[in-house]
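A quick write-up on the structure given underneath.
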Amino acid sequence: MQWCNRVNTGLFIASPAMYTELNSILNTSPESFTKGDFILLSDKQSDASFLIHHFLSFYLRAKCKVCFLAMVQSFSHYSTVSQRLGVSLAQAKEKGQLVFLEGLQESLSILIPQDEHTGSQAMNFLRDPKLGLQDLYEFVSSKVKRSCGGEAESEEWGPPVLLVDDLSVLLTLGVTVGAVLDFSHYCQATICSKLQGNMVMLVRCDQEEDEGDNESPACLLKGLTHQSSLTLDVQGLPTGYCRDIHGQVEVCWQRRQGDGQNTQNKLFQYKVHDKGASFFARGTSSAVL
Amino acid sequence: MDSVRYSGRQLLKSFVKAALNREETVHFIGFEFSEDELRDGLKGPFAKRLHIHSAFTDPLGWTDHPVFTVHQFNAEEITHLIKQTSHASAVTLVIDSLSWILRHVSPSVFCRTLQQLRKGGAVRAIVGLLHADMHQKGIVGSVCHLATSVITVAPGMKAEEAEAKITKRSKSGKVLQDEEIFVIKEDLSVIVQGKSHQTEPIQTGPEEQKMDPTANLTFNLRLSDAERQAKENLSLPFVFSKEKKTALLHSGPSSGRILYEPDENDDYDQEDPDDDLDV
């Protein structure tokens, strides 16, 4: 698949093919992708954030209204990376295509209240983690529903998409696994089911699984896997560090496709470049062949 | 009971379809899938006997108009709900999933509710889906204890197949255990393909005929019977067999003998080099 020059609002720069292998593995493209999907990204002793960058630029290219809950990095970080992938986040934000919740910034205004500015209601769980994530859901819901309201500008954008980077950091902030699962359930019910949009969430598990621990990221991952339609699990190579192969990705389709087919799980290896990532079957890295 | 490796939802739906085909009334409380997705595959003339109480959109009452919330999961409310829609014989109650409820309701209350429903009379049978890997073993054990039949599903060897471990407790106290391989077709019918053979190795197809490596060569690699006999009689040089042992221990008359007379120089005592100590 070649990305040709696209004549449009000037949002996209002509760019060479990137992540095309991933698109063909998942059988999607910005022009046609399954709606109502909950894609779960997970990593263990590896970094799956390159997939977040991919999906961010993918859905922006697909002209969807994107709501991005960025808990772990600043706006400029994502902006810089997206620039390399050929998408301008600042422009998307200006045009109203991208709603960006910068978690780090918002949390500061709650933890260190200055003047009258009390911060957005979305991060209320920082005030009292036991409250759960209902306020965060209300925030997402309001931003996403606005795109499907009667306003003229909303007709431009496609189905809504929610991206979260990442969910496991909420656990470290005192939110329980149950509350996070409830949040993702409600988001799925609203965004995927009702509005036929998509959801992409990242969960990071660094520890080994502990049988007795009900509040570990591994437990959260299991609960989310049951809810999801597609999971991409990123791990380091079992044999150790390699310069040319950064790790492996296991792609599992959780829910049956519309025609009832049970798609097989697939395992690929990948290498992250400056402007994208290449995926290949095990043992076929260009460094090896 | 299922896990992340294989979802038991299709099997649950096939139970629902079977119950509907038996002309039973089914009440479905769904937390994890929307009503449209649940009805998918369950359409037909019997669909009017299927009552879905969807708790998918708002299970916790966060909006103003929840259809069914998890807080309504108690014997009185459910019995009331069932009596509202059907007044005939007892119904089959299907819950997807029990794990969702267990996250919000304490295990003891949950088990008590299930027990009350069972003894209540409004419900004839309860079929529930539990994600075994989401709970601690104790909770899973307690819920299984309540059940008369437990079916644990896992992915099978081949793509379409799945394995089911079945434990059935009859009223007389007898416990039956079985393992079967099954396939669920698109129309939600279950086809049992026989017992699972866990000890057999994976068969990758019909066994290939063993090739004879000594055939079709330009030189002879085969042994005649006499040669084979001679080969088997040969004792290997470094194998310490019984014959070798006796041969070494009792040396024959023709073998060489070693005669040794102790020499003074050989008798060197480290602690007494001059051999003049009176020890």
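The values are calculated or read from the model by the stated rules, or taken from the named source; none is laboratory data. Treat the numbers as computed from the prediction; the structure is a model and nothing was measured. We place every Cβ from the backbone using ideal geometry, glycine too, and count neighbours over all the protein chains shown.
Points worth noting:
- Segments classed as helices (runs of 4 or more DSSP H), wholly inside region B:77-192, with at least 3 members that are away from chain A (no Cβ under 14 Å): B:107-120, B:137-146
- B:Ser106 meets the stated requirement of being modelled with pLDDT of 85 or more and not hydrophobic (A, V, I, L, M, F, W, C).
- Candidate set from region B:58-76 (those that are under 33 Å from the mean Cα position of the chain (by Cα) and within 20 Å of A:Gly223 (Cα to Cα)); member that is farthest from the other protein chains (Cβ to nearest Cβ): B:Val70
- Test: residue in region B:62-74 that is under 22 Å from B:Ser34 (Cβ atoms) and touching a Gly at 6+ places or on another chain (Cβ under 8 Å): yes
- Test: residue in region B:3-10 that is in contact with a Leu (Cβ under 9 Å, 6 or more places away or on another chain), assigned to a helix (DSSP H, G or I) and at pLDDT 80 or above: yes
- Consider region B:29-38 and keep the residues that are in a helix (DSSP H, G or I) and under 30 Å from the mean Cα position of the chain (by Cα). The one that is farthest from the other protein chains (Cβ to nearest Cβ) is B:Leu38.
- Within the option set A:Val180, A:Val169, being within 12 Å of chain B (Cβ to nearest Cβ), outside any loop (DSSP other than H, G, I, E, B), closer than 11 Å to A:Pro217 by Cα and touching a residue at least 24 places away in the same chain (Cβ under 8 Å) holds for one residue only, A:Val180.
- So B:Thr57, is it hydroxyl-bearing (Ser, Thr, Tyr) and modelled with pLDDT of 85 or more: no
- Which numbered condition B:Leu93 fails, given (1) at pLDDT below 85; (2) of a type outside the set (Ser, Thr, Tyr); (3) crowded, with 18+ Cβ neighbours inside 10 Å: (1)
- Selection status of B:Ser189, within 22 Å of B:Arg5 (Cα to Cα), buried (at least 16 other Cβ atoms within 10 Å of the Cβ), modelled with pLDDT under 85 and not β-branched (Val, Ile, Thr): no
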